[in-house]
Amino acid sequence: MLKETIRRSLMALLPKGQVFVDRSALLAYEADAGIDKGLPEGVVFPRHADDVVRIMCWAAEHAVPLVARGAGTGLSGGAVADRGGIVVDFARMNDVLDFDVQGRSALVQPALINLRLDERAREDNLYFPPDPSSQRASTIGGNVAENSGGPHCFKYGVTTNYVTGLDVVLANGQRIRVGGRALDYPEYDLCGLITGSEGMLALITSIVVRLRRNPPGVRTMLAIFDTPEQAGEAVSAVIAAGLVPATMEMMEQKIIRMIEPYAQAGLPLDAGAILIIEVDGYPESLERQIDEIAQILRKHAVREMRFAHNEEERYRIWLARKSMAGGITRLAPAYYTVDITVPRSRLTEMLVEVDAICEQQDVRTGHVMHAGDGNLHPMLLIPEPDNPDLMRRILTAAREIVRCCVEKGGSLTGEHGVGIEKREYMSLMHKPVELLAMWDIKQAFDPHNLLNPGKVFPPPEKGEDGPFAGYSSHANGSLVPEIALHSGIFAPASLEEAAQGLHALTQEGRCVAISNAQRSVGDAVRMSAEALRGVRTYAPDDMYIIVGAGTPLQEVQEFLAQDDRQLALASPWPEATIGGLIAANVNAPFRVRYGALRDLVLYMQVALPDGRVIRTGRPIVKNVAGYDLSKALIGSHGTLGFIGEVALKVIGKPRTRKTLFVPVADLRHGLIWARQVLPLSLVASGVALCKGYQAAHAPAALTESKYLLAYTAEGLPEDVQAELEQVRQALQVLGCPDAVEVDDLGVTDIWIELLSGTAGSLQVRIGVPARDLPAYIQDQAATLNAGSFLADLSSGFVYATQQPETFEEAQQALNMLRMPALGLEGYAVVVDAPEAMADGLDRWGYIPQGIDVMKALKQRWDPRSILVSPDRFLQG
């Protein structure tokens with residue numbers, strides 16, 4: 001209980017009606033939607049960010065824990081104050097602060113309901129894809145804290161893929177912005193670390209989310225199978241064919257028999273399993289998508305297929321899936337939902353194991369699955385919630401299910417989070433050194449453990465001295481070996497050798513620069529991943545590949561091309577390696593179609609300077625078991641650890657790719673035209689305005705034009721054709737010159753050619769909020785026109801190339817581009833520079849608001865700061 005003086009200071013902290021400490025009010029906060037309980041000592045209701053700062057400073061002064069809470073729909077006890085403290089209920093911070101249609105983003109407060117955001121987006125033909133089953137009640141802040149998923153995550157990704165910036169209050173009361181409305185800020189991805197951290201790293205006061213164009217058409221089908229194995233094999237076959245349905249939901253016989261008497265949706269009770277498959281896109285492509293899927297299902301023993309021809313029939317197909325809770329509570333007053341993820345190819349295998357475990361424990365269950373991403377939800381019925389023996393058997397079954405899932409290469413939680421519920425299971429999935437790496441992150445953000453203490457980490461055993469079970473502050477106590485340097489280069493043949501070598505160099509206090517290029521940093525040892533090369537694992541059924549970090553991107557693409565697959569990565573530098581691209585966070589224009597690097601990395605294996613080797617995740621699409629360690633390393637420029645192995649998402653090659661080129665004589669006109677066609681992008685993989693590019697074999701109208709507007713679309717032929725036809729019509733209305741259509745050439749190819757063709761010049765990447773990019777280009781036209789440039793209008797980037805004759809000219813051009821970008825909450829960084837000028841230029845010119853947290857994390861992972869960047873990232 002709070003001391004009386006502390007209690008009185010709390011009551012005086014905020015205006016009347018925003019602080020409650022009476023037991024009757026606190027009982028409402030004893031639990032969330034799960035089974036874990038804990039009574040808080042008070043509840044506060046901030047109305048704005050200043051209130052949150054006040055609350056955090058008070059908590060820090062009095063060493064009182066804070067637990068952030070949204071709508072209380074979580075199932076893992078993440079918002080339960082099981083260690084006392086104060087619940088911060090954000091219910092009164094629920095506004096849309098800014099809605100940017102042109103830039104396809106929104107700035108929202110944390111208690112905005114997910115469905116309200118999606119409804120607001122659809123008013124402007126936009127779409128917010130993360131759609132957890134609690135969508136009607138759960139908040140965006142809660143979705144961020146748990147990195148929520150939902151049925152559409154197979155195609156569109158989870159919450160972290162849509163959060164680009166956060167305003168947060170740190171545990172010391174400091175208010176900072178991490179990320180923002182521009183993309184790829186030159187900083188550690190603290191935004192990505194906070195997302196999915198279950199409220200343990202910071203209090204979120206506002207969120208920048210990105211939006212997509214709402215697909216103009218949807219078709220839904222129901223497929224009925226005799227066995228779950230047949231349904232699972234059909235799912236794998238659909239994915240292997242390169243098709244990407246919007247959803248693939250699966251229910252097996254036991255859950256069907258629970259739901260159908262309640263929902264009366266017309267499901268056959270003798271079915272072994274059903275699939276709900278939905279496709280979206282332009283109406284012209286829907287029939288083809290459904291037909292192709294139907295052909296595959298027929299080859300995999302589908303018994304019956306039902307197709308929705310209107311919204312009423314679609315509603316009826318989804319009725320059973322959405323009636324799950326009602327159907328189960330008709331049979332039992334409560335149920336326990338287990339949330340696990342396995343590789344897709346092992347879904348039905350896992351299903352059999354779960355049934356065996358539940359039968360052994362005499363627990364009744366049914367299953368619903370996000371089959372496309374391997375996310376399985378066994379629903380364990382609780383007919384007698386007060387029966388201690390039944391609850392013991394249910395929890396025993398849950399633990400065995402988790403153990404079995406982890407043994408199959410899965411995650412102990414795919415979307416519900418760890419919280420209280422699964423913290424004891426974390427040691428099943430993560431080694432002590434990996435838990436310690438997460439604890440390092442916690443300490444960098446919250447050294448006094450004030451924010452949501454006791455969550456995620458396994459509690460210490462009795463008599464164990466440390467913050468969690470298995471804790472050791474000494475990661476590597478072994479003898480420090482001698483390391484072999486060849487011409488001053490350390491090229492380890494394994495991660496273990498890398499870790500030992502880094503540990504030895506740490507003990508010697510010698511600096512290390514991780515780079516495959518022939519670049520030196522003073523007296524630093526150059527460390528290379530060139531010996532860690534090649535494909536380790538290729539899993540076409542699960543659509544991932546594991547490669548050594550020293551493998552050239554070109555080599556991986558050639559390997560995957562044999563199977564008509566690819567990585568959604570590109571580089572202007574032919575020698576670029578996978579590890580190098582990740583460390584530098586290099587993203588091509590087609591990110592607008594396929595996502596950025598941070599969305600494509602499934603896990604990494606990394607050697608830290610103190611001798612630890614950690615794995616940052618699993619090769620699965622959905623995994624929220626702890627902090628997302630990968631995010632810290634993407635874009636860290638080799639200053640946190642040595643990347644040795646990487647697992648990446650694989651995608652099918654697009655069936656068609658076409659680009660419309662429009663000659664542009666006047667820059668202002670080109671920007672206006674681009675602004676008009678940008679809202680049309682659904683399958684676009686780039687919309688760019690460029691100067692200095694000559695399209696090969698192009699008509700004279702293009703080669704003679706000062707600028708070119710390029711619009712690339714790729715995917716299914718019907719979708720591409722439909723979109724480009726809309727673009728043509730929009731351009732015709734504007735009175736533009738006739739567009740020239742080119743096959744198999746995209747904006748990303750132009751980006752590669754421009755940057756690779758001007759190597760050794762001054763190359764600057766400018767990032768600003770996408771809506772501000774046209775005005776920025778217009779205002780800086782004189783500087784940009786002095787060289788060549790490509791404006792990636794979809795994502796808010798300009799890649800500018802100059803040919804300065806003196807250092808002073810280079811510095812002046814850089815300042816002319818950088819200062820206005822900083823004024824727009826953007827940045828401008830030097831990508832390349834003439835050798836004689838490179839050392840004198842400030843490559844970054846940007847100080848992140850989270851710099852203190854960045855330095856604290858580096859100190860935890862690299863205590864003697866031996867890792868230095870050839871580009872001087874995080875130096876000076």
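The values are calculated or read from the model by the stated rules, or taken from the named source; none is laboratory data. Quick caveat: nothing in here was measured; it's all calculated off a predicted structure. When we count neighbours, we look across all protein chains shown, and the Cβ atoms used for this are built from the backbone with ideal geometry, even at glycine. Note: accessible area is taken over every heavy atom of the protein model, side chains too, but ligands, DNA and RNA are not part of it. Shrake-Rupley method; radii C 1.70, N 1.55, O 1.52, S 1.80 Å.
Per-structure values
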item: Subset of segment 130-149 (residues that are surrounded by fewer than 22 Cβ atoms within 10 Å (Cβ to Cβ) and hydrophobic (A, V, I, L, M, F, W, C)); result: 137
item: Conditions (1) free of Cβ contacts under 8 Å to residues at least 60 places away in the same chain; (2) in a loop (DSSP other than H, G, I, E, B): number failed by residue 186; result: (1)
item: Verdict on residue 9 being open to solvent by 50 Å² or more (accessible area, probe 1.4 Å) and outside any loop (DSSP other than H, G, I, E, B); result: no
item: Test: residue in segment 740-753 that is in contact (Cβ under 8 Å) with a residue 24 or more places away in the chain, aliphatic (A, V, I, L, M), in contact with a Gly (Cβ under 9 Å, 6 or more places away or on another chain) and open to solvent by less than 20 Å² (accessible area, probe 1.4 Å); result: yes
item: Lone qualifier among 683, 662 - being in contact with a Gly (Cβ under 7 Å, 6 or more places away or on another chain), modelled with pLDDT of 95 or more, farther than 14 Å from residue 790 by Cα and not polar (S, T, N, Q); result: 683
item: Some residue of segment 33-53 being in contact with a Gly (Cβ under 7 Å, 6 or more places away or on another chain), touching a residue at least 12 places away in the same chain (Cβ under 8 Å) and acidic (Asp, Glu); result: yes
item: Out of 261, 283, sole residue that is closer than 23 Å to residue 217 by Cβ and either open to solvent by 20 Å² or more (accessible area, probe 1.4 Å) or among the aromatic types (Phe, Trp, Tyr) (or both); result: 283
item: Within segment 147-176, tally of residues that are part of a loop (DSSP other than H, G, I, E, B) and within 18 Å of the chain's Cα centre (by Cα); result: 8
item: Flag for residue 122 being among the charged types (D, E, K, R), surrounded by fewer than 19 Cβ atoms within 10 Å (Cβ to Cβ) and assigned to a helix (DSSP H, G or I); result: yes
item: Among (1) over 26 Å from residue 832 (Cβ atoms); (2) part of a loop (DSSP other than H, G, I, E, B); (3) modelled with pLDDT of 95 or more - the single one residue 589 does not satisfy; result: (1)
item: Residue 242 being on the phi > 0 side of the Ramachandran plot and either among the hydroxyl-bearing types (Ser, Thr, Tyr) or within 26 Å of the chain's Cα centre (by Cα) (or both); result: yes
item: Residues within segment 448-490 that are at pLDDT 95 or above and open to solvent by 20 Å² or more (accessible area, probe 1.4 Å), tallied; result: 2
item: Strands (runs of 3 or more DSSP E) completely within segment 712-810 that count 2 or more residues being touching a Cys at 6+ places or on another chain (Cβ under 6 Å), modelled with pLDDT of 95 or more and under 22 Å from residue 180 (Cα atoms); result: none
item: Residue that is open to solvent by less than 10 Å² (accessible area, probe 1.4 Å) and over 21 Å from residue 336 (Cα atoms), where the choices are 67, 53; result: 67
item: Where residue 315 falls short, out of the listed (1) within 29 Å of the chain's Cα centre (by Cα); (2) more than 25 Å from residue 393 (Cβ to Cβ); result: (1)
item: Flag if residue 321 is over 29 Å from the mean Cα position of the chain (by Cα) and modelled with pLDDT under 95; result: no
item: Tally of residues being farther than 18 Å from residue 108 by Cβ and open to solvent by less than 10 Å² (accessible area, probe 1.4 Å) across segment 177-191; result: 2
